[in-house]
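Got a structure for you, written out below as structure tokens; questions coming shortly.
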Amino acid sequence: MSFLRNTLNKIKPHFLKGGKLEKLYPAYDAFETFLFVPNHTTITKCHVRDSIDLKRTMGTVILALIPCLIFGCYNIGYQYYSQFDPSFITQNFNGFFNLFLYGLMKVFPMIVVSYGVGLSIEFAFAVFRKHPVNEGYLVTGMLIPLIFPIDCPLWIVALSVVFAVIIGKEVFGGTGMNILNPALLARGFAFFAYPTKLSGDKVWVSQGSTDTISGETALGELATLVKDNVSEAHVNDVLSNFGSDGSYSLLNSFLGFIPGSIGETSVVAVLIGAGILLLTGLGSWRIMFSALIGGFFMASIFKFWGANPFMELNPIHQLCIGGFMFAIVFMATDPVSAAQTNTGKLVYGFLCGFLGIMIRVFNPAYPEGIMLAILFMNVMAPLIDHYVVQASIKRRMNRINI
Amino acid sequence: MEVKISKGKNISLKGSAEKVCSEFLSATYSVKPVNFHGLKPKLSVKVGDSVLAGGSLFFDKEFEKIQFVSPVSGIVEKIIRGEKRKLLEIVIKANKKNRYKKYNISGYKKYNNDKLKELFFESGLWSLIKQRPFSTVADPVKLPKSIFISCFDSSPLAPDYDFILSHKEKEFQKGIDVISSFCNGKVHMNVDGDADSDFFKNIEGVQLNKFHGPHPAGNVGIQIHHIDPINKGDVVWVLSPQSIITIGNFFLTGKYENNKTIAVTGSELKKPKYFNVFQGVNVFELLKGNLKSGKKRFISGNVLHGDTIEENGHIGFFEEQITVIPEGDYYELFGWAMPGFKKYSFSRAFLSSLFPQKKLTLDTNMHGEERAYVVSGQYENLVPMDIFPVQLIKSILVEDIELMEKLGIYEVAPEDFALCEFACTSKMPVQDILRHGLDLVKKECS
């Protein structure tokens, strides 16, 4: 430790004012404070401070994402081998590890690209604007791979990151000033710019070296039910897949053994993450809870309405498929782009869930309705807060008139 | 009236004062004009002058009748100035025996308000009265709609007023009687509803309000908000119980005797206890032999909103507590990633939340760097008022005065947001921002 500290002390003067590398100070500072919590002491009125800082906050959120990442890697291997060579799947630790390793080999490059590209831009902006590197991207950089299909080309990931960080965040002034959630924006960008690479039945399951493996997401499968002139045989075929023995059964959807974006499939892994966020108090229970209610409410209305087989899906099942759970736990709760007031959070969360299910069922071409719903609600969040704050202002005004 | 407060948090630190009190006289005392926020002081003495206890040291340039007086008799030893010759501190070398300036108080009961005010101005008693909004010396022109006395302090290691005030009923009652003549409204005396205090039960001429709940329940700003909130144009006076005693004592003896009991607290003291001292006592002599080794920070006041002072500095005008805590100027390898069994946090992001310590030792480390706002919902749980703290702070950052007024800036003082500054993930200097906002509004209003 003292060796590290001494080295840093030795090179630090080069980055300070008057040093040769003065301009690169924000980059140096980011590395130094990553290694060491700095020796800064309080100079303002409050002489003692809470131990928490943004690094700890972001670190904890990444920790909450780890279960999704691990299961995601495993599921990639599982989906691949269940078609390529089912005998490879064994019920012991070795089997688990091999499948996990296969998935990790596929996911790792995406994580590297996401962090590499995103952090480079963050550092460049920090140096250019002379402000410290904000930790916000640490979470975004992990979220982005988790919400992309496994066979999405790396260059699309890279391009989406560039778009999300520059247009979504830096033009507004960096982390804390953005209006939209950067990770969702990356996904939205890829979805609309390269629709063929982010939909269909080829991208959700790793192809390996073959080109024969196919796998549709649960939502993609359901979307085929609402097209014109669907044969009854097809409807029964799909619905049986969603029955208790089918590949998209409630149990499989809950555990996560279905094709989908890397981190989103397992409700169990998402719930572990949600548990970490709620226990540490870093995720808003208001948003998670009300989004769940909102989604369930909309799904129940559809169930009651029952205009097509998609709508008739059991509401719980509806919530377990697609990215719904992942999005309301990790995306809707992003404190920067969500509503900021407590009452506002309840309204915001409810509408996220409500609209998310509504979009996916009404327009099956947009299976990731929750993504669009949250992006839409990100834009609406300041308006919700405005009305909540206005109510307080009105109470204060009324006090004077009495 | 009983008020239950649910938002807020108590921070329980090591080093609370044992209920033992001893007399203490130091060689020097000081009065700091900077303790009266916004005051433009003009000196009435120079180095080498001799003053009596209760004799003027400086006065308000904008309202010259308001005098700020010496707590002891002696010789003006030093006048300390800061940047741009700003007057920081007037140090008086005390005589062995205190000689008082005698004020004529006979027949004060028949005085009308204006005449009584003159006496307050001249004798330095006016400087004991703070006003809300803005938390400054009371406006001499505008009389208050009500007067608030917070009779308990909920901040960390705070002195216990029940202990401090015992045997001073006579002075306290006198002080209440005199001060209430300035106000047509009520005098509110707010006590800790959870403590069983005998002292305050027998005081007459006040409305007794009981407050339950964690810090900042003892902050007078919170109490005003719940009992008689301030609107634009209102003025409320706030006084500490020991100021009431100084006023009461004055009208019993004719002497300005700003004598108070202070708590000497903090984890870096061998024996935290109470001392009976004159205002502005020198802390070096007071703490001699009572300090543990290591680098320390000396705070006049408490850890949440006190002022840093030198090791040989003097206690501030309104403070009734000295806190000594360790400095935290150390590096910590991967400090943000460690499990943190001993790291205190309001959040539960460290394992310390599973094994809470009963009494904490906190140092002055920032535990991170300043950032833009990212996390939301933190402040809301720490400010027990119908106020949106983050929105208010943001309105100050953009200097939108109209919005500040709408969001309730008249009702707050920096100390009411001290817990927000403590807890802030982004390490915002919340109290400084709030003070800036108050200054802006005050300037706009005058």
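Laboratory data are not the source of any read-out in this text; all were calculated from the coordinates shown. These numbers were taken from a predicted model, which means no experiment stands behind them. Neighbour counts run over all protein chains shown; Cβ positions are idealised from the backbone, glycine included.
Reachable lysines from residue B:110, Cα under 24 Å, same-chain residues fewer than 8 places away excluded?
B:65, B:101, B:102, B:142, B:145, B:170, B:174, B:186, B:255
May I pose another question? Work the Kirkwood hydrodynamic radius out for the stretch A:284-390: mean of 1/r over every pair of different alpha-carbon atoms, inverted, in Å. Kindly include the intermediate steps, with their values, before the conclusion.
Details: mean 1/r = 0.0744 Å⁻¹.
Computed over the stretch A:284-390, the radius equals 13.4 Å.
Between residue B:75 and residue B:170, what length comes free when the chain is fully extended (0.36 nm per residue of separation minus the Cα-Cα distance, one decimal in nm)? Mind dumping the intermediate values first?
On the way: separation 95, 0.36 × 95 = 34.20 nm, distance 3.24 nm.
Length gained, residue B:75 through residue B:170: 31.0 nm.
Once you put a point 7 Å from the Cα of residue B:357 and another 7 Å from the Cα of residue A:390, both along the Cβ direction, what distance in nm separates them?
Result: 4.9 nm between the two label points.
Which is farthest toward the positive dipole end of the protein assembly as shown among A:384, A:217, B:341, measuring Cα position about the Cα centre, with Cβ charges +1 (Lys, Arg) and -1 (Asp, Glu)?
With unit charges placed on the Cβ atoms, the residue in question is B:341.
Please rank B:49, B:60, A:29, fewest neighbouring Cβ atoms within 10 Å first, as an exposure proxy. Intermediate values should be presented prior to the final figure.
Details: B:49 14, B:60 21, A:29 18.
Arranged by neighbour count, lowest to highest, B:49, B:60, A:29 become B:49, A:29, B:60.
Report the Cα-based extents of the protein assembly as shown along its three principal axes, largest first, to the nearest Å.
Principal extents (largest minus smallest coordinate, Cα): 107, 65, 44 Å.
Something else now. So who's got an amide H within less than 5 Å of the one on residue B:188, skipping anything under 5 residues away but keeping other chains? H placed 1.01 Å off N, in plane.
Distant-sequence amide H within range of residue B:188: B:147, B:148, B:149, B:207.
Quote the FRET efficiency, to the nearest 0.05, computed for residue A:39 versus residue B:201 with a Förster distance R0 of 56 Å and r equal to the Cβ-Cβ distance.
Details: r = 50 Å, r/R0 = 0.90.
After rounding, the FRET efficiency stands at 0.65.
Once the Cβ-Cβ distance between residue B:102 and residue B:177 is put in as r, and R0 is 22 Å, what FRET efficiency do you end up with, to the nearest 0.05? List each step's numbers first, then the result.
Working: r = 21 Å, r/R0 = 0.98.
For residue B:102 and residue B:177, the calculated efficiency is 0.55.
Continuing with this model, one more query. Taking 0.36 nm per residue of separation and subtracting the Cα-Cα distance, what length does fully extending residue A:177 through residue A:380 add?
Values: separation 203, 0.36 × 203 = 73.08 nm, distance 1.51 nm.
Taking 0.36 nm per residue and subtracting the Cα distance, the gain is 71.6 nm.
Quick one: net charge around residue A:59, please, counting Lys, Arg +1 and Asp, Glu -1 for every other residue with C-beta under 10 Å from its C-beta. Please list the in-between numbers first.
Details: positive: A:55, A:56; negative: A:53, A:135.
My count for the surroundings of residue A:59 gives 0.
Mind giving me the nanometre distance, one decimal, between the label points for residue B:446 and residue B:333, set 7 Å out from Cα along Cα→Cβ?
5.5
Sorting B:28, B:323 on the 10 Å Cβ count, fewest up front, what's the list?
Numbers: B:28 19, B:323 30.
Fewest-to-most ranking of B:28, B:323: B:28, B:323.
Assuming a ≥ b ≥ c are the square roots of the Cα gyration tensor eigenvalues, decide whether chain A counts as rounded (a/c under 1.5), prolate (otherwise, with a/b larger than b/c) or oblate. Present the calculation step by step, with values, prior to reporting the outcome.
Numbers: a/c = 2.14, a/b = 1.33, b/c = 1.61.
Oblate is the answer for chain A, as a/c is 1.5 or above yet b/c matches or exceeds a/b.
With a ≥ b ≥ c taken as the square roots of the eigenvalues of the C-alpha gyration tensor of the stretch A:1-49, please select rounded if a/c is under 1.5 and otherwise prolate if a/b is larger than b/c or oblate if it is not?
Values: a/c = 2.37, a/b = 1.47, b/c = 1.61.
Here the stretch A:1-49 falls in the oblate category.
Mind giving me the nanometre distance, one decimal, between the label points for residue A:11 and residue A:212, set 7 Å out from Cα along Cα→Cβ?
5.2
Would you calculate a helix-derived [θ] at 222 nm for chain A, using -39,500 (n - 2.57) for each DSSP H run of n ≥ 4 and dividing by the full residue count, to the nearest 500? Walk me through the numbers before you get to the answer.
On the way: 15 runs with 242 residues, N = 402.
It lands at -20000 deg cm²/dmol.
Something else: Just to confirm a number: summing +1 for Lys and Arg and -1 for Asp and Glu over residues other than residue A:199 whose beta-carbon lies under 14 angstrom from that of residue A:199, what do you get?
Numbers: positive: A:187, A:197, A:202, A:360; negative: A:151, A:201, A:216, A:221, A:368.
Computed value for this residue: -1.
Moving to a separate point now. What value, in deg cm²/dmol to 500, does the helix sum -39500 (n - 2.57) over DSSP H runs of n ≥ 4 give at 222 nm once divided by the residues of chain B? Walk me through the numbers before you get to the answer.
Working: 10 runs with 91 residues, N = 446.
Helices in chain B give a 222 nm mean residue ellipticity of -6000 deg cm²/dmol.
Rg(Cα) of the stretch B:179-289 divided by 2.2 N^0.38 Å? Can you show the working numbers first?
Values: Rg = 17.0 Å, N = 111, 2.2 N^0.38 = 13.2 Å.
In units of the 2.2 N^0.38 Å rule of thumb, it is 1.29.
Using Cα positions and a limit of under 20 Å, work out the aspartates and glutamates in reach of residue B:40, with same-chain residues fewer than 8 apart set aside.
Cα-Cα hits under 20 Å: B:60, B:62, B:64, B:83, B:89, B:118, B:122, B:139, B:307, B:432, B:439, B:444.
Another question about this same structure. Please order B:314, A:131 by the number of other Cβ within 10 Å, starting at the fewest. Numbers along the way, then the final one.
Details: B:314 25, A:131 15.
Least to most surrounded, the residues fall as A:131, B:314.
If exposed means no more than 13 neighbouring beta carbons inside 10 Å and the site is in a DSSP loop, what's the longest run of chain B without any exposed chymotrypsin sites (Phe, Trp or Tyr not before Pro)? Could the numbers behind the result be given before it?
Details: sites that count: B:334, B:341.
Segment B:1-333 is the longest.
R0 = 41 Å: FRET efficiency of residue A:22 with residue B:401, Cβ-based, nearest 0.05?
Numbers: r = 38 Å, r/R0 = 0.93.
Computed FRET efficiency for residue A:22 and residue B:401 comes out at 0.60.
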